[in-house]
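I have placed the structure first, in the form of structure tokens, so that the comments after it can refer back to it.
The values are calculated or read from the model by the stated rules, or taken from the named source; none is laboratory data. Small disclaimer: the values here were computed from a predicted structure and weren't measured. Counting neighbours? That spans all protein chains shown, and the Cβs are built from the backbone with ideal geometry, glycine included.
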Amino acid sequence: MQFDLDAVRAQFPALAITDNNRARIYFDNPAGTQVSKGVVERMTQCLIESNANVQGEFRTSQKVDALIADAHMAMADLLNAPSAQEIMFGQNMTTITLHLSRSIGRLLKQGDEIILSRMDHDANVAPWLLMAEDFDLVVKWLPFNTESCEFELDKLDDLFTRRTRLICIGGASNLTGTIHDVRTICQKARDAGVMTYIDAVQSVPHVSTDVQDLGCDFLVCSAYKFFGPHQGILWGRRELMEQLVPYKVRPAPTEIPGCFETGTQSHEGMAGTLAAVEYFSWIGESMSRHYHDKYPQFSGRRKFVHSAMDCLFDYEAGLALKLVSGLQQLPGVRVKGITSPDAMNRRVPTVSFTVDGMNPDEIARELAAKNIFVWSGHFYAVEAARALDIYDTGGAVRVGPVHYNSKSEIEHVLNVLSDIVPRANVA
Ligand SMILES: Cc1ncc(COP(=O)(O)O)c(C=O)c1O
């Protein structure tokens with residue numbers, strides 16, 4: 001079976017909700033996706049059947065221990081981690097990064113250099129600026145081309161010196177949708193002996209993610225962006241994780257992953273994250289058979305989830321193309337980032353745009369009145385919004401479809417926008 005949108009949509013109860021007989025159109029996905037039935041069921045089951053703390057001698061505790069192990073394994077499959085022990089759960093990407101940056105900082109010496117990107121969400125910028133302040137480090141910036149919204153990687157070579165210790169880069173931009181060439185960046189970093197910290201929050205929901213193929217050292221993502229609950233997940237290369245000093249309480253485990261999973265975790269969150277991976281696996285098994293041959297090295301769920309991501313990516317590229325080309329037809333609309341029809345494989349379908357003479361919040365409000373949910377603003381991509389000169393003018397409107405959105409929903413938002421934008425107050 002090929003990708004079956006009706007079967008997919010039937011998995012998401014929220015997609016069927018209407019308000020005054022008007023369907024909800026969810027294009028707010030880059031800020032958080034809807035969850036599948038399986039996620040709700042697993043979370044509910046966890047709270048009813050295994051609601052206990054860990055490592056007790058009794059049934060509910062043992063059940064939750066087994067669930068936690070399954071959730072680690074599921075994330076190892078999704079990210080192709082060599083071991084489930086290298087997967088760490090936490091509250092969200094931001095909290096995990098703030099937490100880990102303290103430990104990474106202790107590996108560095110005064111005057112060491114770190115490289116941050118002008119494209120990233122502040123969650124992969126501010127924690128490192130704070131670390132640089134605490135440990136007296138030098139911060140260098142990787143700029144991007146403000147026309148193409150891609151990094152010019154030859155500029156990266158000039159930034160590396162013998163003092164460079166860490167580079168922090170996103171997998172895909174939450175503002176422009178650009179997919180960054182993380183593999184090449186990691187290769188360059190490895191050649192220069194530099195650690196890599198990848199914020200994959202916006203790439204994991206759209207592209208197959210393989211930490212071994214990327215060659216990174218740390219990679220973080222958030223389950224609520226990939227159809228799961230509010231939770232963050234870190235993969236860290238074992239050799240490095242074992243070198244770090246964990247900020248932990250004394251009775252907590254001393255080995256990974258437990259030493260970085262501070263306090264009592266959200267077990268129901270882990271149950272939901274496990275179900276999100278199971279959902280991808282279902283797509284891989286039932287609708288993505290023609291992608292299986294791409295992953296001869298994998299078997300079982302790992303093969304299914306990676307095949308599923310490729311299948312979803314191809315479907316989403318069609319949505320991105322329709323959205324970008326439709327927006328470009330509208331007067332005064334300026335799409336940020338990659339627009340070339342043959343370059344949709346270099347972006348996720350997250351599309352931000354401005355309209356001459358109109359405030360982004362006003363457009364989001366008008367769309368909301370038609371039950372179309374989009375975000376407006378700078379989306380915490382502070383550096384990127386500044387570089388694109390939209391930070392002080394209200395940012396952009398962001399329409400962020402995912403694989404459960406349809407081409408007719410894209411047509412609908414374009415139609416509504418074609419009524420809104422001619423009302424712009426252009427001098
Ligand atoms: C690219 C990117 N990184 C990090 C974050 C922060 O994630 P969390 O809410 O899990 O802290 C977001 C949230 O929108 C994001 O889009």
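When each of 95, 60, 18 is tested for being assigned by TED's automatic domain parsing to the domain that holds residue 221, surrounded by fewer than 17 Cβ atoms within 10 Å (Cβ to Cβ) and within 30 Å of residue 405 (Cβ to Cβ), the lone residue that passes is 95.
Residue count for the range 125-169 satisfying the condition of being within 16 Å of the ligand (Cβ to nearest atom), more than 19 Å from the chain's Cα centre (by Cα) and surrounded by 17 or more Cβ atoms within 10 Å (Cβ to Cβ): 2. Any residue at all in the range 232-246 that's within 26 Å of residue 385 (Cα to Cα) and either in contact (Cβ under 8 Å) with a residue 60 or more places away in the chain or assigned by TED's automatic domain parsing to the domain that holds residue 126 (or both)? For the range 232-246, residues within 26 Å of residue 385 (Cα to Cα) and either in contact (Cβ under 8 Å) with a residue 60 or more places away in the chain or assigned by TED's automatic domain parsing to the domain that holds residue 126 (or both): present. Among the residues of the range 416-427, none is identified as exposed (fewer than 12 other Cβ atoms within 10 Å of the Cβ) and closer than 29 Å to residue 225 by Cα.
Scanning the range 335-356 for residues that are part of a loop (DSSP other than H, G, I, E, B) and closer than 10 Å to residue 324 by Cβ turns up 337, 338, 339, 340, 349. For the range 1-15: of the residues being charged (D, E, K, R) and out of contact with any Leu (no Cβ under 6 Å at 6 or more places or on another chain), which is surrounded by the fewest Cβ atoms within 10 Å (Cβ to Cβ)? Here the answer is 6.
Within the option set 52, 71, 66, 81, being away from the ligand (no atom under 16 Å from the Cβ), touching a residue at least 24 places away in the same chain (Cβ under 8 Å) and over 30 Å from residue 130 (Cα atoms) holds for one residue only, 71. Among the residues of the range 297-339, those that are within 25 Å of residue 385 (Cα to Cα) and in contact with a Ser or Thr (Cβ under 7 Å, 6 or more places away or on another chain) comprise 324, 328, 330, 334, 336, 337, 338.
Helices (runs of 4 or more DSSP H) fully within the range 32-141 that include at least 2 residues being of a type in the set (Ser, Thr, Tyr): 59-79, 93-105. Do we have residue 172 as surrounded by fewer than 21 Cβ atoms within 10 Å (Cβ to Cβ) and either under 30 Å from residue 28 (Cβ atoms) or over 18 Å from the mean Cα position of the chain (by Cα) (or both) here? So residue 172 does not fit the description; no. Within the range 359-398, the set of residues being within 25 Å of residue 24 (Cα to Cα), β-branched (Val, Ile, Thr) and away from the ligand (no atom under 15 Å from the Cβ) comprises 363, 372, 397. Screening the candidates 196, 209, 262, 254 for the property of being free of Cβ contacts under 8 Å to residues at least 24 places away in the same chain and polar (S, T, N, Q) yields one hit, 254. When the range 377-394 is filtered for residues that are buried (at least 21 other Cβ atoms within 10 Å of the Cβ) and touching a helix residue (DSSP H, G or I) at 6+ places or on another chain (Cβ under 8 Å), the ones remaining, listed by number, are 378, 379, 381, 383, 385.
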